[in-house]
Each structure stands twice: as C-alpha cells, then as structure tokens.
Amino acid sequence: MRLPENFIMGGATAAYQCEGESKTHGKGRVAWDDYLEKQGWFSPDPASDFYHKYPVDLELCKQFGINGIRISIAWSRIFPTGEGEINQEGVDFYHALFKKCKENGVEPFITLHHFDTPNELHKNGDFLNPHTIDCFEKYAKFCFEEYKDDVRYWFTFNEIWPVSSGQYITGTFPPGEKYDVIKAVESMHGMMMAHARAVIAFKEGGYKGKIGIIHSLETKYPFDEKKPGDVLAAEREDALTNQFLLDATLLGYYSAKTIEHINFIYNLENKAFTPKVSDMELLKKAASKNDYLGINYYQSHFVQQYDGENQIHHNGTGAKGTSVYRLKGISEHMFKDGIDRTDWDWLIYPEGLYDMIIRIKNQYPNYKAIYITENGMGYKDDFENGTVDDAPRIDYIKRHLQWIAKAIDEGANVKGYFVWSLMDMFSWSNGYNKRYGLFYVDFETQERYPKKSAYWYKKVSETKEV
Ligand code: BGP
C-alpha cells in the first residue's frame, strides 16, 4: 500500500518525558514532580536530556527521513507558576529549539499542554478551577505571539480523557484519585473550555499558522455482539471517552446521545450534567475554527456490561495479564482470544484506528484534516551490538500505517503520522523500561542508537510504501 507523497512521517516527544532539567533553568514545578518524588520509583531527570541533546535528535531526524516532530512547550518553563512573571531562559530555549528544527528541515508541531499543568494551578483544582482556564488562555496567547515566526502547527491539548481519567478514575496521574467519574467529566469539560478559548484567541489574533487538538481515541467494541448489555456498555464507554470530546471539539455541543449516557453516569450519584449556557456558546464558536484533529491511537477495547464494584489495577510493570478495569455501571475491559497484546496488556488492533478514522469522517464531516499524532509500541528492548532488533515494533507500526493508507484510499483526509516516540524516554506511569523510540537511548551516557525500526521507517518515508 502507498501513503500520499506529501504525507508527514514524524516522530513525537513530550517536554516532561524527554527534556530533563525539570527543576532548573528557572522552570517551575509541576504536579508530577511531587508525585514522582513521593512514589520514589523513577525520576524525570535527566530523562533523555533533550534540553541539551536536541541538536543530536534533530540531526537524526534529518538522517532518517523524519520530516515532522511533535514537541510540547513546558508551560512552567515559560510561566514558572502558571501565570505572571516570565522565565526568559525558558522562552529562549524554545526559540533555539525551533530554529534547530528549521535548520534540519523538520517541521515542528507544537503542543501547549502535555500533562504538565504548573503545580500552583494543579494544587488549586487544575482544570476544575476556572482560574486555570484563564491562565491557559494567557499562556497560549503568549506563545502564539512569541513564536509566531517559528511555529506553523499548533495543538492546544494532548489527550484530555487520559489526563482526566488518570487524575480521577485510575489514580495513575497526580493527584491520584480513584473512581470519581463525575470529576473526570467536569475536568474534561474544563479543558475543552480552555481549548475553545485558545482556538478563538488564535483565530482572532490573525496568526498565519494552523491549530487543533489531540485526543486519544480508542475504539470500543462489545465483547459479545449478541448481548445487548455488552453493546450498551461499548456505546456508553465510547460516549464517555470518545464522543464527549469529539462532540465538544467538532460539533460545538454535546449531542443528545452523549448527554443521555453522561447523565446515566451522573444519575448513579443522583446528579445531572449541567454545563453553563455561556460555556456552550464558547464551544459552538470554537468548533468551526479547528484546522485539524490529532488522533493518538495505541489500542482498542472489547468491553462487557459491568454492574459490580469499581476495581482497577494498572499494569505499570509489563507483567502481562495483570490489568483489571471494571467501572461500576459502565463497563469491564476484556482480553479476547486471537487478539495479541503487549506486555502492558495493550491490545494490538490496528483495525480499530481505521474504524475510528472512518467513523469521524462519517459522523463529523466538518473535521477538515487528521494527523495521527501518536502511535507506537511499548517494548522491553534488548540492546545488543549497538542496536535493537525490534521486529515486533516494525510489525506494529507497519500494520497501523497500512490501515491508515486504506482509510486514505477511502477518502479520509489523513495528512501525517507521528510515531511515539522519536527516541526512548520515560513513560508516565510505567517508568523507563517501557521503551517506544526509533532511537535507543542509553540513559547513563545519553548516547542515541538507531534501532532496526529507525532504518525501516526511513525507507517508508522515502518510498511511501508500507
Ligand atoms: C500517551 C501520551 C504519551 C505517551 C504514550 C505512551 O498517552 O500522550 O505521553 O506516554 O501515551 O503511553 P505510556 O507511556 O503510558 O506507555
């Protein structure tokens, strides 16, 4: 199969996972600093030392046909407390980084928020607090103006559902609360407000670039299609994790079906979802202004009806078969015969990405364009003779690219792909031994080594054949 000639073949990174220097050079603290210190398992420093090594990484991009890079700006490097005084060293760092991208012919795609709300704002309720939304808008406006000559492609947020659910349902993100689905919904709505305000500011500011948002979209299938309970569970989980955000982003309102499922969840606590009229006006105004949608896709889920007590076990160590995900009144995640999964129990199901792209094309025909902003395979790499023979990762990426090519053939406007990750970095809730990179990082020496997948990716980038 072939990908279009002008298709972006990119690599993805995130500031906190790769920069290092997480509490130096004037950078303010983020919630993860306290969380990881308390946990004591691994440190965000020096990570992949991208703060110093970015010239090497961008040179590797050039050598390996990687013509786009996802980079996030660390909000607290610019505004150490999230608002007010600016840290000029942080501002200058990103200017230098973007300049290096240009020198190497690598297009930067910039995310404003990749899981790292400044601690001062996080402590006061994060995106449940309207003040954080005000601060995010100011931070976004600052970046649009400051980097207007360096950046053409912007994303407001990376993965609103995983942030909210990690914070308030699975407890794997700070503040580590569990099973509060309503709080997660309110937090998602808060972030969608912040997104809407930033998009409107960008367009009203007349900036020449483009802007959108990245959602993690995992297709939900009934475990047993013949069981109405499983069909409903899949629909309900989809409404909560996918459709809520797609509606808010692309329709500018929550559809009747979405509201029905969300209110079912609220009703379990004798509550109702009641967004403010002014919020809904804002969403409506922003919806037509998105230039594209970013999709992060790693896996899909097969779900069955579940009415028992909440029970979640996060497999963060790669002990295959230990994951448990059961949410009362919503669903239970099931493994399925014949569908392989990674050591972290992530189901390998590339068709799910195709189904999601086609669903968006049909259900939200105003989507304009799609970038696959993350996709890749977490793997316990064996480093031997200066490289890693990561055949399973090549197979994973190849199959996903083939399904993307099929969606494009059927008329979906997918313009690029960013492998997660460009080089190895740590994983938020799984530490350093879950590696994803095209380039192996020796975290002791900070040397980079191309894996077999990097050579394969280069060939795809050159030939567009998958
Ligand atoms: C996405 C995040 C990335 C990255 C990736 C892999 O949710 O946007 O930052 O971490 O997932 O996930 P994990 O690190 O949990 O394996």
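Among strands (runs of 3 or more DSSP E) entirely within the stretch 407-466, having at least 3 residues that are under 17 Å from Cys18 (Cβ atoms) and within 16 Å of the ligand (Cβ to nearest atom) singles out 414-420. Residues in the stretch 176-218 that are within 16 Å of the ligand (Cβ to nearest atom) and not in a helix (DSSP H, G or I) were compared, and the one that is farthest from the chain's Cα centre (by Cα) is Gly176. In the stretch 413-435, the residues that are among the β-branched types (Val, Ile, Thr) reach residues that are within 10 Å of the ligand (Cβ to nearest atom) with C-beta atoms within less than 6 angstrom, at least six apart or across chains, in these pairs: Val419/Gly376. The residues of the stretch 354-387 that are over 13 Å from Gly294 (Cβ atoms), within 16 Å of the ligand (Cβ to nearest atom), in contact with a helix residue (DSSP H, G or I) (Cβ under 7 Å, 6 or more places away or on another chain) and not in a strand (DSSP E or B), listed by number, are Gly376, Met377. Among all positions in the stretch 219-233, there is at least one residue which is in a helix (DSSP H, G or I), more than 16 Å from the ligand (Cβ to nearest atom) and surrounded by 22 or more Cβ atoms within 10 Å (Cβ to Cβ). Listed by position, the strands (runs of 3 or more DSSP E) contained in the stretch 258-352 that have at least 3 residues being surrounded by 18 or more Cβ atoms within 10 Å (Cβ to Cβ) and within 16 Å of the ligand (Cβ to nearest atom) are 292-296.
When you check Glu351 against the structure, is it free of Cβ contacts under 8 Å to residues at least 12 places away in the same chain and acidic (Asp, Glu), yes or no? In short, no. Going by the conditions given, is Tyr16 in contact with a strand residue (DSSP E or B) (Cβ under 9 Å, 6 or more places away or on another chain), crowded, with 18+ Cβ neighbours inside 10 Å, of a type in the set (Ser, Thr, Tyr) and touching a residue at least 24 places away in the same chain (Cβ under 8 Å)? It is true that Tyr16 is in contact with a strand residue (DSSP E or B) (Cβ under 9 Å, 6 or more places away or on another chain), crowded, with 18+ Cβ neighbours inside 10 Å, of a type in the set (Ser, Thr, Tyr) and touching a residue at least 24 places away in the same chain (Cβ under 8 Å). Scanning the stretch 110-136 for residues that are outside any loop (DSSP other than H, G, I, E, B), away from the ligand (no atom under 16 Å from the Cβ) and under 19 Å from Phe173 (Cα atoms) yields Pro118, Asn119, Glu120, Leu121, His122, Lys123, Asp126, Phe127, Leu128, Thr132.
Comparison of Ile182, Ile211, Ile200 shows that the only residue that is surrounded by 21 or more Cβ atoms within 10 Å (Cβ to Cβ) and out of contact with any Ser or Thr (no Cβ under 6 Å at 6 or more places or on another chain) is Ile211.
No lab work stands behind these numbers, since they all come straight from the coordinates. Note that this is a predicted model, so its numbers are computed, not measured. Ideal geometry is used to build each Cβ from the backbone, glycine not excepted, and the neighbour counts take in all protein chains shown.
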